1. So, THR594, is that one touching a residue at least 60 places away in the same chain (Cβ under 8 Å) and not aliphatic (A, V, I, L, M) or not?
2. How about region 114-149: which of its residues are among the aromatic types (Phe, Trp, Tyr) and within 49 Å of the chain's Cα centre (by Cα)?
3. Among ALA610, ALA642, which is aliphatic (A, V, I, L, M) and assigned to a helix (DSSP H, G or I)?
4. When the residues of region 35-46 are narrowed to those that are buried (at least 18 other Cβ atoms within 10 Å of the Cβ) and in contact (Cβ under 8 Å) with a residue 24 or more places away in the chain, which ends up nearest to the chain's Cα centre (by Cα)?
5. If only one of SER245, SER238, SER218 is of a type in the set (Ser, Thr, Tyr) and under 14 Å from THR176 (Cα atoms), which one is it?
6. Taking into account only those residues within region 92-108 that are among the small types (Gly, Ala, Ser) and outside any strand (DSSP E or B), which is surrounded by the fewest Cβ atoms within 10 Å (Cβ to Cβ)?
7. Say we look at region 603-649 and pick out the residues that are β-branched (Val, Ile, Thr) and within 16 Å of the chain's Cα centre (by Cα); which of these is surrounded by the most Cβ atoms within 10 Å (Cβ to Cβ)?
8. Using the structure shown, decide if THR130 is among the hydroxyl-bearing types (Ser, Thr, Tyr) and buried (at least 18 other Cβ atoms within 10 Å of the Cβ).
Amino acid sequence: MFNVFRGCLFLLLSCIGIAHAADTGWLVSPQNDHARIRFQAERDQNRIIGLLSVELQPGWKTYWRSPGEGGVAPKISWPAGAKDVWYWPVPSRFDISGLTTQGYHNNVTIPMVITGTDADALDGTLTLSTCSNVCLLTDYTLHLDFTQPVDEGFRGAFERAMRTIPDDSGISSNLTAWLSEGRLMITGTTEGGWDNPGLYFDPLEGDILPGDPVIKHSGNRLSVSVPVTDEWGDKPESLEGKALSFVLTNGGKAQQTVMTVGATPTEHSTQDTPAGMGKMLAFALLGGVILNLMPCVLPVMGMKLSSVLQAGSDQQKIRLRFMATSAGIITSFMLLAAMVTVLKVTGATLGWGIQFQNPWFIGLMVAVTFLFALNLFGAFEVLLPSAAAGRLATAGGSGLPGSFCEGMFATLLATPCSAPFLGTAVAFALAAPLHSLWLIFLMLGVGMSLPWLLVALIPKVAVLLPKPGRWMNSLKVILGLMMLASSLWLASLLNVHLGTMVSHVVLLVLTVVALAVYAMTGQKTSPLFWIVVIGLSVFGGYQLRGFVVSPSATAGQHDAQAIPWQPLSEEAIQAALAQGKRVFVDISADWCVTCKVNEHRVLNQPDVIAALRQPDVVALRGDWSQRSEAIALFLEARNRYAIPFNQVYGPGMPEGEMLSPLLDKHTLLTTLNKAKG
């Protein structure tokens with residue numbers, strides 16, 4: 001339809017025998033020397049064909065018909081009766097201070113048709129918004145005199161401008177849109193494949209604004225995820241039946257699309273097939289098993305070992321305790337599934353281990369692990385004789401409730417770890433329908449409880465351990481030290497919430513109290529005790545060093561060898577790619593144990609540092625130690641909800657390639673090399 005109109009319009013212009021044109025010339029406002037405009041027009045009987053040209057200085061921009069989250073679209077006020085129809089070229093997207101806007105930079109020419117006036121002169125006022133670090137709203141007075149001679153180049157300029165206007169077809173005719181968990185999802189196909197596709201949205205009915213889209217494509221398939229909010233920043237409950245208008249680009253083509261948002265499909269994920277679901281359940285089972293090998297869970301494993309030794313060869317007692325621990329693990333995962341379900345329904349931020357972003361949760365874990373450590377040191381009979389404290393301190397003791405609590409506690413400590421296979425399964429679960437989510441969390445619990453169930457089914461495995469004896473007293477000190485180390489590590493996580501000084505004071509107090517408690521229990525001093533004292537003293541002294549030595553004192557010594565990290569954002573990735581550079585993305589947190597392992601084993605190695613310091617490499621880091629909506633959305637757009645997260649972009653990998661949660665130096669360097677293209 002639009003092609004027919006455009007063809008008839010050009011034919012009509014070419015057949016005009018007598019034409020009258022008007023030209024304002026280039027206009028510059030005294031209040032705004034960053035832009036100049038020009039309006040040219042030609043009369044055709046009862047209509048006027050016009051061209052608005054805008055030239056901007058570098059760093060300045062103006063806006064499209066739908067500015068986005070900020071800005072004002074250009075507008076011309078004509079005399080009563082005159083009406084204009086603008087034809088908008090394809091815009092660009094700008095992100096400033098967290099706001100997504102759409103418009104033009106450098107220069108733009110906008111064709112239009114004016115009707116409702118037949119006078120020899122026409123006056124109007126153009127209101128133009130231009131922005132850089134500041135925004136200026138400027139009025140330009142337009143005077144069009146149609147008695148002036150015809151500009152012979154006007155028709156050619158108008159035709160060239162009309163060629164830049166998106167057509168109503170030519171890219172895809174099978175686009176589908178629906179709302180899913182607060183995001184507008186759009187899918188479609190095209191012939192010949194996608195070439196750097198882009199989408200530019202008009203507001204939906206009800207002043208619902210689409211944000212910055214996350215675009216993925218493979219072959220001829222396109223998948224787009226767009227955050228949508230109303231003018232108050234709230235996510236809409238439904239978009240079904242609403243008209244959706246946007247410009248879709250593919251390579252050098254552009255298509256204006258108007259469609260209706262459909263209902264959320266019950267099955268729109270190819271992953272949620274029987275085969276895909278079976279694979280994710282296997283990943284969840286294996287990931288749960290691996291959690292037992294992570295350092296987060298070792299202290300609880302030590303407590304269970306202690307209880308087994310105390311049980312001696314009573315197979316029935318061993319079986320019941322390990323079954324209770326397994327029940328605690330599975331129950332914890334079911335509680336996690338319930339919590340995630342509530343978060344999904346309410347549209348809150350999702351992520352594996354995000355409870356460690358809460359200082360109150362960390363404080364509770366510090367207290368519990370510290371009490372467990374003191375209990376293993378034999379303190380409560382001396383320091384806390386009350387019944388309530390006794391029950392709390394012996395939660396990891398000999399009863400079935402204590403074993404059940406051990407399982408739940410082990411699960412809480414395991415959540416910061418995103419072991420291989422676990423991250424994939426959790427990402428699938430958090431993005432899947434609720435029934436799949438519950439199945440995967442159940443399988444995670446079964447996987448983590450497998451070693452415990454093995455002992456419950458075959459108690460002889462535990463009976464093979466050495467017989468109880470005096471050596472158990474030394475073992476209890478070792479287990480207490482492991483638990484105390486866990487408590488000190490958890491206390492160090494308070495640094496980002498309470499500040500360095502407060503967290504260091506907490507660490508020193510815990511260390512001193514633990515040593516004093518051990519001395520007050522009246523146990524015989526042994527070489528092992530002095531090893532514990534020296535170890536804890538070194539740790540406390542290292543923390544004390546933070547008070548005395550300024551962090552900047554030694555920073556200069558490492559600057560030459562450190563990775564030049566920059567803040568993570570989608571804009572930083574696209575800017576680097578536009579310059580032909582490679583990008584390495586790293587998202588970590590202080591509470592993420594696997595992240596620290598990656599730093600020690602891979603990222604801190606000299607050859608990796610040298611690779612990431614290359615002039616054509618940009619290293620971007622996101623810190624998820626505290627709550628960050630931007631990082632949560634970044635991960636969600638890539639169907640990931642757990643960290644560590646690493647991804648490599650480059651001219652040879654414009655869509656990015658994700659790396660395994662457990663980094664491998666050879667794989668990282670090889671992927672960086674391939675990203676050159």
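1. On the way: touching a residue at least 60 places away in the same chain (Cβ under 8 Å): yes; not aliphatic (A, V, I, L, M): yes.
Yes: the conditions hold for THR594.
2. Residues of region 114-149 among the aromatic types (Phe, Trp, Tyr): 140, 146.
Residue satisfying the conditions is TYR140 alone.
3. Details: ALA642 fails: assigned to a helix (DSSP H, G or I).
The unique qualifying residue is ALA610.
4. For region 35-46, the residue satisfying everything is ALA35.
5. Working: SER238 fails: under 14 Å from THR176 (Cα atoms); SER218 fails: under 14 Å from THR176 (Cα atoms).
Criteria check complete, one pass: SER245.
6. To start, the set of residues in region 92-108 that are among the small types (Gly, Ala, Ser) comprises 92, 97-98, 103.
So of that shortlist, the ones also outside any strand (DSSP E or B) come out as 97-98.
Working: SER97: 6, GLY98: 10.
The qualifying residue surrounded by the fewest Cβ atoms within 10 Å (Cβ to Cβ) is SER97.
7. That would be ILE643.
8. yes
The values are calculated or read from the model by the stated rules, or taken from the named source; none is laboratory data. Predicted, not measured: the structure shown is a model, and the values here were computed from it. Counting neighbours? That spans all protein chains shown, and the Cβs are built from the backbone with ideal geometry, glycine included.
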